[in-house]
Amino acid sequence: MSAPQFSKDISKILDNAEEQNIAIDKCHTGVDQARQQGTEVKEDSDIVGAIRATGGIIHPIIVQDNLDDTYEIIVGQRRTGAYHILKTEEPKYETIRAKVVKIELTADQKKIISFVENFGRNDMAKVDYSTVIEHYYKKYHRIKKYVAEALGITI
């Protein structure tokens, strides 16, 4: 018995996904999402500050089009949660950039896509965080408020 060739299937699926802006109110997280713990986003979460500082997300979320005017989030539930908070500040956050998969994914495909997205991610080393913060601390003449605003973090 050989292992399935999921990586080829997933690559093909994602290459054919259409990138578009979709309403965050039409997005929901499905049961096949690999990441089920630690997904709550609060107003003071780092991800909210980071998205606010950059004016949006850098990488699109990945969703499956349910063909009923809703979308299942495969990757990006925390980014979507941050947009729900930010939309109260600015209307541009009512929609989010997404790669929309038009075919119906299997539970296995959803789990693999979301697993790989989360598994491959590493936090930066603390010294790297410190170096960037120190750079802005010097740049903004040791004014912590400006550093926090520039980096989208709390003081």
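From the cross-link list Lys12/Lys92; Lys42/Lys87; Lys99/Lys126, which pairs have alpha carbons spaced over 20 Å apart?
Numbers: Lys12/Lys92 31 Å; Lys42/Lys87 13 Å; Lys99/Lys126 32 Å.
Over 20 Å apart, Cα to Cα: Lys12/Lys92; Lys99/Lys126.
May I ask you to evaluate 6.51 cos²θ - 1.76 cosθ + 1.60, the Karplus curve with θ = phi - 60°, for each residue of segment 10-19 and list the ³J(HN,Hα) values in order in whole Hz, giving x for glycine and proline?
My calculation for segment 10-19 gives 5, 4, 5, 4, 6, 5, 8, 6, 8, 7 Hz in order.
Under a Cβ-only charge scheme (Lys and Arg +1, Asp and Glu -1), can you give me the dipole magnitude of segment 15-155 about the Cα centre, in debye to the nearest 20?
On the way: 20 positive and 23 negative charges, 168 e Å.
Its charge dipole is roughly 800 debye.
For Thr88 and Lys12 in one chain, what is 0.36 nm times their gap in residues minus the Cα-Cα distance, to one decimal in nm?
Roughly 23.7 nm would be gained on extension.
Long-range amide H contacts for Gly30: which residues qualify at under 5 Å (H placed 1.01 Å from N, peptide plane, sequence gap of 5 or more or a different chain)?
Close amide H contacts, sequence-distant or interchain: Ile73.
In nm, to one decimal, how far is the His28 label point from the Lys42 one, both placed 7 Å along Cα→Cβ?
For His28 paired with Lys42, the spin-label model returns 2.7 nm.
Summing -39500 (n - 2.57) over the DSSP H runs of n ≥ 4 in the chain and dividing by its residue number, what mean residue ellipticity at 222 nm do you reach, to the nearest 500 deg cm²/dmol?
Working: 6 runs with 64 residues, N = 155.
Taken over the chain, the calculation gives -12500 deg cm²/dmol.
Which is farthest toward the positive dipole end of the chain among Asn66, Ala23, Ile103, measuring Cα position about the Cα centre, with Cβ charges +1 (Lys, Arg) and -1 (Asp, Glu)?
With unit charges placed on the Cβ atoms, the residue in question is Ala23.
Under the 0.36 nm per residue contour assumption, what length would be gained going from the current alpha-carbon distance of Thr70 and Ala53 to full extension?
3.3 nm
Quick check for you: which residues of segment 37-58 have the amide N under 17 Å from the point 7 Å beyond the Cα of Glu149 toward its beta carbon?
Once the point is set 7 Å along Cα→Cβ of Glu149, 49-55 turn out to lie under 17 Å by backbone N, inside segment 37-58.
At a 1.4 Å probe, what is the % contribution of carbon and sulfur to the accessible area of the chain?
About 52 percent, which is the carbon plus sulfur part of the accessible surface.
Calculate how many DSSP beta bridges within the chain are antiparallel, expressed in % of all such bridges and rounded to the nearest 5.
60 percent
The values are calculated or read from the model by the stated rules, or taken from the named source; none is laboratory data. If you're wondering where the values come from, they're calculated on a predicted model, not measured in any experiment. Cβ: placed from backbone, ideal geometry, glycine included. Neighbour counts: every protein chain shown. SASA here: full protein model, heavy atoms, side chains in, ligands and nucleic acids out. Shrake-Rupley method; radii C 1.70, N 1.55, O 1.52, S 1.80 Å.
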